[in-house]
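The next block holds one structure in the form of structure tokens; read it before the comments.
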Amino acid sequence: MIVLAGTLARGGYKKEETPPTPTLSWEKFPKGLLKQISVGKSGLIWGIGTNNHVFRLNSAGTDWDEPTSTALLTQVSVASDGTAWGVNSDG
């Protein structure tokens, strides 16, 4: 699987299965813009919005959830076991 993230100005994402599906199109992130995106081995996609809030694409791939947290992050990474790790502005 390949996940592509658009530029900050467009804030889009595309989840591409392997082998590629030619009809798959770019999707607009519905909650503003994404400035950073990460995907784990299981295919779950996590992202950081321009407001530094964390978002996760649900397992059905139909909606973005905002996990209950007051953390504002600058980066999110997903480990191979699906664990999400975040970094705030303090490092």
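The values are calculated or read from the model by the stated rules, or taken from the named source; none is laboratory data. Here the structure is a predicted model, which is why all the values come from computation and not from measurement. Cβ coordinates were reconstructed from backbone atoms using ideal geometry, including for glycine residues, and neighbour counts include every protein chain displayed.
Descriptive notes on the structure:
- Output for segment 46-66, where each listed residue is surrounded by fewer than 17 Cβ atoms within 10 Å (Cβ to Cβ) and assigned to a strand (DSSP E or B): Asp65
- Single residue of segment 33-73 satisfying the filter (free of Cβ contacts under 8 Å to residues at least 12 places away in the same chain and of a type in the set (Ser, Thr, Tyr)) that is nearest to Gly86 (Cα to Cα): Thr70
- Flag if Lys35 is basic (Lys, Arg), in a strand (DSSP E or B) and at pLDDT below 80: no
- Taking the criterion of being more than 14 Å from Pro30 (Cα to Cα) and at pLDDT 85 or above, the residues of segment 47-67 that qualify are Asn52, Pro67.
- Any chance Thr74 is modelled with pLDDT of 80 or more and more than 12 Å from the chain's Cα centre (by Cα): yes
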